[in-house]
Every structure is written in C-alpha cells, then in structure tokens.
1. Suppose all protein chains stay in the model; what accessible area per residue would a 1.4 Å probe give for the chain, in Å²?
2. Within 10 Å, at most 15 other Cβ atoms, and a DSSP state outside H, G, I, E, B define an exposed site. Report the longest part of the chain free of exposed trypsin sites (Lys or Arg not before Pro).
3. Report the Cα centroid-to-centroid distance between the stretch 84-136 and the stretch 11-63 in angstrom, as an integer.
4. If you fit an axis through the alpha-carbon atoms of helix 110-123 and take the longest principal axis of the Cα set of the chain, what angle between them do you get, 0 to 90°, nearest 10?
5. Asp51 to Ala94: FRET efficiency via 1/(1 + (r/R0)^6), r the Cβ-Cβ distance, R0 22 Å, to the nearest 0.05?
6. Tell me the net charge near Ala73. Cut-off is 10 Å between Cβ atoms, Ala73 excluded, with +1 for each Lys or Arg and -1 for each Asp or Glu.
7. I want to check the label-to-label distance for Ala73 and Ala127. Put each point 7 Å from Cα in the C-beta direction and report it in nm to one decimal.
8. Simple spin-label model, 7 Å along Cα-to-Cβ: Glu63 to Asp140 in nm?
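The values are calculated or read from the model by the stated rules, or taken from the named source; none is laboratory data. Values in this document were obtained by computation on a predicted structure and should not be read as measured data. FYI the Cβ positions are ideal-geometry reconstructions off the backbone, even for glycines, and counts take in every protein chain you see. Surface accessibility is based on the protein's heavy atoms, side chains included, excluding ligands, DNA and RNA. Shrake-Rupley method; radii C 1.70, N 1.55, O 1.52, S 1.80 Å.
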Amino acid sequence: RAAAFWEHAARAWMSLPEPDDTRIDHALRQALARDGGRRTAFEALFRRVRDRKDADGVLALAEARLSVADDAAEEAKLHWERARAFREKGDAAAALQALEAVRTREPRHIGALALAGEIAIRSGSFAEAAATLATLATIDGAPAKNRIRRA
C-alpha cells in the first residue's frame, strides 16, 4: 500500500501547474523501493530519466527492473534502452553486449539491428556491418532509409 501511496503522490505533484521534479522523482523512487514490480511507477520514472538524457540513470533503472521483469518483450525493451545508454556514454562494447541480449529475445529487432550496424561501421567492421544491415533491409517494418530499394 505504501508504494501505491507514493505513486499517487507523484501523480499529484505531476498535475500541479509548476511540478516539482525533485519531489516527483523522489516519490516514484520511493514507490519502487517498496515494490520494485510496480510497472506504472517504473515507466513514469524511466521516461523522466530518459527524457533528461541521464544515461547513468537509465542504466541503473534498467538493471533494477531487469531483476523483476518476467516478460521477454519487456526484457528486450530494457536491454535496448541499456544499449542506447551505453552508446550515449561511448561504450560500444557494452552497447553490443546489450544488443546481443535484445537480439536473443527478438532476432529481427529493427533498432537493435540498426544500432549494431552503426557501431560496426564506426569500429571499421564493415563486413559485420554489411551483414547486419542486409538483415535489416529485409524487414518490412524497417524505415525506408534502412531498406534496400529496387528500381
């Protein structure tokens, strides 16, 4: 119940004309400290941290959530967010490890393939980049700029 009360407090502070970000974040963290499985509190805090481009905060939250996640889709999403945060921090090796975790769960994850290809190009691994981007180009949902175009 305490977790629910903290989450309710966070929503109340969010609805104020001039929300206090420190209080909102504190309340959401308190909710998660009491019940790490609260999806709505996690998602609200995670979005706030990600929107601030706090890579270390994203990594910490994703790691904590992975310990309670029981859904393969959510795990893939968390590893994807970890990969993006590692890329922002300039840690290509850690980003590739996180991308491998994504691709284990979703082999044709568009974002994971695109980011893996980008990292391979930047590191000079052009054969690996070509293979990864070739796979990406065969996926119907991939953006046009990532797909093979036929005349």
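1. Per residue, the chain has 59 Å² of solvent-accessible surface.
2. The longest such stretch corresponds to 54-107.
3. About 28 Å separates the Cα centre of the stretch 84-136 from the one of the stretch 11-63.
4. Around 60 degrees separate the two axes.
5. E(calc), rounded to 0.05, equals 0.50.
6. My count for the surroundings of Ala73 gives -2.
7. 3.8
8. Those two pseudo-labels are separated by 4.0 nm.
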